[in-house]
Amino acid sequence: MNALLPALLSRRSVGPRHLTGPDLTEGELLSLAEAAAAAPDHGMLGPLQLIHIPARHRGALAEVFAQAALEADPMADAAALQAARDRAMAGPALIAVLARLTPDHPVVPVEEQWVAVGAGLQNLLLAALSLGLDAKPLSGRRVKSQALRQAFRLPDTTHLVAFVALGRAVDDRRERPRRKPGDLMQSWSPVKEASARNIAALADKLKLDPAKALSCCGAAPAAATDCCGGSKVGTRHRKGRKLLLRRHPA
Ligand SMILES: Cc1cc2nc3c(=O)[nH]c(=O)nc-3n(C[C@H](O)[C@H](O)[C@H](O)COP(=O)(O)O)c2cc1C
């Protein structure tokens, strides 16, 4: 096993108040961008855009954060506005993460573009780790505000996803619970004829789209009880075993 997996498993988000050190160097910023660019990106549409906010402009961004807070709550008091400003100033370095989407692309649906953005962000976080930096992505309501959209001159098809705070952790990274690998990774098995007929008949009775019911419960009836977490729409008993049908999540 090379060093990549243990490093990846050690990643934890570290919030800006637990980060110290200088702003990132040009070299560090380019390494992060290079790592982000190495993420899978169907059609090479480049939906991920990164914008570093230099230390000298953090004060100006703080004013935009205050405007965003006012937009969310026109009655916000001075303390709330100062808290909003402080959020723009916390952490040694700050990078805005944008998703520049291409709606109605003939080949690459917008969901895949979002996945590419997430993959690029994760590569950035892992590259930061390899450079000895810790980080935390933070969004909050402000990322949808007109104040920030205008400040970043965003066209309608571009979303401000989050700000990533980066720096050097002042204390040990906190442990976080992780999903059990065996729950996350499951094994597919083909639909058995009888099971498929059973599920199709039940779908018909419940007036469900059989294709959707099958795609969710495309497992043997015994396994259908713990399939993909859609909403439960019906059960029936078959040879003493409960068959549970779920509506495929939207
Ligand atoms: C795009 C994005 C936005 C996030 N925004 C916030 C946020 O606004 N506030 C917050 O507490 N955590 C936010 N998180 C979650 C944290 O960054 C972090 O992932 C979470 O605390 C779990 O820590 P971990 O990364 O060590 O698992 C965001 C994560 C992502 C990917």
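Take the residues in region 117-156 that are in a loop (DSSP other than H, G, I, E, B) and more than 22 Å from V64 (Cβ to Cβ); name whichever of them is nearest to the ligand (Cβ to nearest atom).
Residues of region 117-156 that are in a loop (DSSP other than H, G, I, E, B), as a first pass: 131-133, 139-140, 145, 152-156.
Filter once more, keeping what is more than 22 Å from V64 (Cβ to Cβ): 131-133.
Numbers: L131: 17, G132: 17, L133: 14 Å.
For region 117-156, the residue satisfying everything is L133.
Entry remark, region 1-19: residues being outside any helix (DSSP H, G or I), in contact with a Lys or Arg (Cβ under 8 Å, 6 or more places away or on another chain) and polar (S, T, N, Q) number 1 in total. Taking every residue in region 131-147 that is under 20 Å from A33 (Cα atoms) and pairing it with any residue that is more than 10 Å from the ligand (Cβ to nearest atom) and of a type in the set (S, T, N, Q), at least 6 positions away or on another chain, the pairs with Cβ-Cβ distances below 7 Å are L131/S31. Here G91 does not fit the description of being of a type in the set (G, A, S) and surrounded by fewer than 14 Cβ atoms within 10 Å (Cβ to Cβ). Is there a residue being under 19 Å from L148 (Cβ atoms) and among the acidic types (D, E) anywhere in region 23-32? Within region 23-32 (the criterion being under 19 Å from L148 (Cβ atoms) and among the acidic types (D, E)), the answer is no, since none of the residues qualifies. Is it the case that some residue within region 100-114 is part of a helix (DSSP H, G or I), within 16 Å of the ligand (Cβ to nearest atom), touching a residue at least 40 places away in the same chain (Cβ under 8 Å) and in the same structural domain as A62 (by TED's automatic domain parsing)? Yes: region 100-114 contains one or more residues that are part of a helix (DSSP H, G or I), within 16 Å of the ligand (Cβ to nearest atom), touching a residue at least 40 places away in the same chain (Cβ under 8 Å) and in the same structural domain as A62 (by TED's automatic domain parsing).
Screening the candidates A79, A128, A60, A83 for the property of being crowded, with 17+ Cβ neighbours inside 10 Å and at pLDDT 95 or above yields one hit, A128. Of the residues making up region 49-61, none is at positive phi and more than 16 Å from the ligand (Cβ to nearest atom).
The values are calculated or read from the model by the stated rules, or taken from the named source; none is laboratory data. Note that the coordinates shown come from a computational prediction; the quantities given were computed from them, not determined experimentally. When we count neighbours, we look across all protein chains shown, and the Cβ atoms used for this are built from the backbone with ideal geometry, even at glycine.
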